[in-house]
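The values are calculated or read from the model by the stated rules, or taken from the named source; none is laboratory data. Keep in mind that this is a model prediction, so the values were computed, not measured. Cβ atoms come from the backbone with ideal geometry, glycine included; neighbour counts cover every protein chain shown. Surface accessibility is based on the protein's heavy atoms, side chains included, excluding ligands, DNA and RNA. Shrake-Rupley method; radii C 1.70, N 1.55, O 1.52, S 1.80 Å.
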Amino acid sequence: MSLIGENLGYYYHKDRWILKDTNISVAPGEVLGLSGYSGCGKTTLSRILAGYIAPQRGRVTVDDQVMERHTFRPVQLIYQHPEKAINPKWRMRDVLTESYAPSQEILDAFEIREEWLSRWPVELSGGEKQRFCIVRALNPATRYIIADEMTTMLDAITQAKIWHSFLNICKNRDIGVIVVSHETSLLNRICDRIFKVGEQ
Amino acid sequence: MLSIQEEIEVQGVKVGGEFNVRKKMLLWLTISSGFLLIILILSFWLSNDHLRLNATNKNLAPSLGHLFGTDWLGRDMLTRTMKGLRLSLAVGAFASLISVIIATVMGICAATFGKAVDAVISWIIDLFIGMPHLVFMVLICFIAGGGIHGIVLSISLTHWTALARVVRSEVLQIKSAEYIQISRSYGKSPWYIARKHIMPAIFPQIMIGFLLMFPHVILHEAALTFLGFGLSPQTPAIGIILSEAMSHISTGKWWLVVFPGLLLVVVVKCFDSIGEQLRILLEPASSNE
């Protein structure tokens, strides 16, 4: 019962492997940190684990099953840039409910105000938009969440608040979390285990 | 203290100003649609009796009885112009609509169904663009047997190519957007993504394409008619009015050209204005101003 990547290998140009023989696993409720230098393949690995791209070698299993297409993926990826991850032509309410209808409790946990729901994405700041992206990923069917530099653009206080509510909900629902970040202090603070990409 | 107060005042003025922008746009929208509506009502209200030949009222300059004057057969030009505009608008709207539908379907198919389909559609587009426009239209119009059928068919079959290219490149660009990948990760179907993500993104392009096609279609209708492949001479079409008036303008009968021509320009401009205001009102960046 874990999100497991076995012997993953991936390249963009033939025979220049970004990832090779990478083994990674996260158990439900566990918080795993991914660290490494820029360009070492952290984001590529996240995209493979979340099913956005297929690895050239190896395979990804979620609770002993291969992910199916055309159904809700139990592994959700939260992107670094919320402005790219949200359709600029949709009102925020539609952005939120594309995934599911979140309860007031979750909205309150991330301090999303009622009046933001009727606004366009351009009328909210990056941090405000990112909260929507986080809530969106917390679908009842989500088993694992990969947070790729999720709070990099926020100030320290907001960052702490968001991680607090986010990890709380994940612990309660037994969701496995992979945290991708450059900040070692953040990783040391919140992760049970740290996985270094590109050093094996 | 003073600066804060000043700031509040400035903001107040700014908010008031933006509100007026929205009001002004709505006003323009109303005026443009109202004008088109008046033309439409007039074209139905004016009696066909004014189109009878009348030897006593030949070549009258504009007056209260005949606002737009009369032509060399004594027909009332106001009635002819209104009825002509109605026909031109109907033909224009219909042909543009068909053309836009063909362009959208072709463009989306080329962008979504892989390389083979893309190659075939791009080849068809090149083929249509490569052929001389007017010759191609005359050919189709001739095959279809002339008349309104022929005009609509020939215009809609030849005008879709440019817009199809625009739609294709738009869809190609938006297809790989992160929010569409995320939508896929929610298990949304391709149909859902096409309807909810892709269509709203290309809609402005389609609307602009539709509006830009309008004058083209009306002018081509006139051209085909002028060449004798289109409508019959007694039909009050704006193209026929203008081409007939061509031979009379040198004898000083300016009203035969000026009023119908001016109204045609104003009508086209009205459509343009409606499209533009709607675009601004619907666009997220400007809709709440």
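Structural remarks
- Unique residue being open to solvent by less than 50 Å² (accessible area, probe 1.4 Å), among the aliphatic types (A, V, I, L, M) and either at pLDDT 75 or above or assigned to a loop (DSSP other than H, G, I, E, B) (or both) when the list is B:27, B:36: B:36
- Single residue of segment A:49-63 satisfying the filter (more than 9 Å from chain B (Cβ to nearest Cβ) and buried (at least 17 other Cβ atoms within 10 Å of the Cβ)) that is nearest to residue A:28 (Cα to Cα): A:62
- Yes/no for residue A:46 being surrounded by fewer than 17 Cβ atoms within 10 Å (Cβ to Cβ) and either away from chain B (no Cβ under 13 Å) or at pLDDT 90 or above (or both): no
- Scope segment B:111-122; condition closer than 12 Å to residue B:164 by Cα and either open to solvent by 60 Å² or more (accessible area, probe 1.4 Å) or polar (S, T, N, Q) (or both); matching residues: B:122
- Residues of segment A:81-94 include at least one that is open to solvent by 70 Å² or more (accessible area, probe 1.4 Å) and under 16 Å from residue B:188 (Cβ atoms).
- Residue ID - least open to solvent (accessible area, probe 1.4 Å), chosen from residues in segment B:193-211 that are over 24 Å from the mean Cα position of the chain (by Cα) and facing chain A (nearest Cβ under 9 Å): B:197
- When residues of segment B:135-190 are limited to those that are among the charged types (D, E, K, R) and surrounded by fewer than 21 Cβ atoms within 10 Å (Cβ to Cβ), the one nearest to the other protein chains (Cβ to nearest Cβ): B:178
- Segment B:236-253 - residue that is touching a helix residue (DSSP H, G or I) at 6+ places or on another chain (Cβ under 7 Å) and part of a loop (DSSP other than H, G, I, E, B) and, of those, surrounded by the most Cβ atoms within 10 Å (Cβ to Cβ): B:237
- Residue within segment A:21-32 that is under 15 Å from residue A:195 (Cβ atoms), within 18 Å of the chain's Cα centre (by Cα) and part of a loop (DSSP other than H, G, I, E, B) present: yes
- Which listed residue is out of contact with any Ser or Thr (no Cβ under 9 Å at 6 or more places or on another chain), aliphatic (A, V, I, L, M) and open to solvent by 30 Å² or more (accessible area, probe 1.4 Å), from A:31, A:66: A:66
- Matching residues in segment A:173-190 - criterion: being touching a Leu at 6+ places or on another chain (Cβ under 6 Å) and farther than 15 Å from residue A:28 by Cβ: A:180, A:181
- When segment B:124-134 is filtered for residues that are surrounded by fewer than 10 Cβ atoms within 10 Å (Cβ to Cβ) and assigned to a helix (DSSP H, G or I), only B:130 remains.
- When the test is whether a residue is closer than 17 Å to residue B:238 by Cβ, β-branched (Val, Ile, Thr) and either part of a helix (DSSP H, G or I) or at pLDDT 85 or above (or both), residue B:56 does not pass it.
Per-residue answers, yes or no, for (1) at pLDDT below 90; (2) of a type in the set (Ser, Thr, Tyr):
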{"residue": "B:119", "(1), (2)": "no, no"}
{"residue": "B:147", "(1), (2)": "yes, no"}
{"residue": "B:152", "(1), (2)": "yes, no"}
{"residue": "B:164", "(1), (2)": "no, no"}
{"residue": "B:169", "(1), (2)": "no, yes"}
{"residue": "B:180", "(1), (2)": "no, no"}
{"residue": "B:183", "(1), (2)": "no, yes"}
{"residue": "B:186", "(1), (2)": "no, yes"}
{"residue": "B:204", "(1), (2)": "yes, no"}
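- Residue check, residue B:107 out of contact with any strand residue (DSSP E or B) (no Cβ under 8 Å at 6 or more places or on another chain), surrounded by 15 or more Cβ atoms within 10 Å (Cβ to Cβ) and under 19 Å from residue B:228 (Cα atoms): no
- When the helices (runs of 4 or more DSSP H) confined to segment A:69-159 are screened for residues that are within 16 Å of the chain's Cα centre (by Cα) and more than 9 Å from every other protein chain (Cβ to nearest Cβ), those reaching at least 2 such residues are found at A:82-85, A:126-137.
- Any chance residue A:25 is more than 14 Å from every other protein chain (Cβ to nearest Cβ) and among the hydroxyl-bearing types (Ser, Thr, Tyr): yes
- Some residue of segment A:138-159 being in contact with a Phe, Trp or Tyr (Cβ under 7 Å, 6 or more places away or on another chain), buried (at least 17 other Cβ atoms within 10 Å of the Cβ) and farther than 30 Å from residue A:17 by Cα: yes
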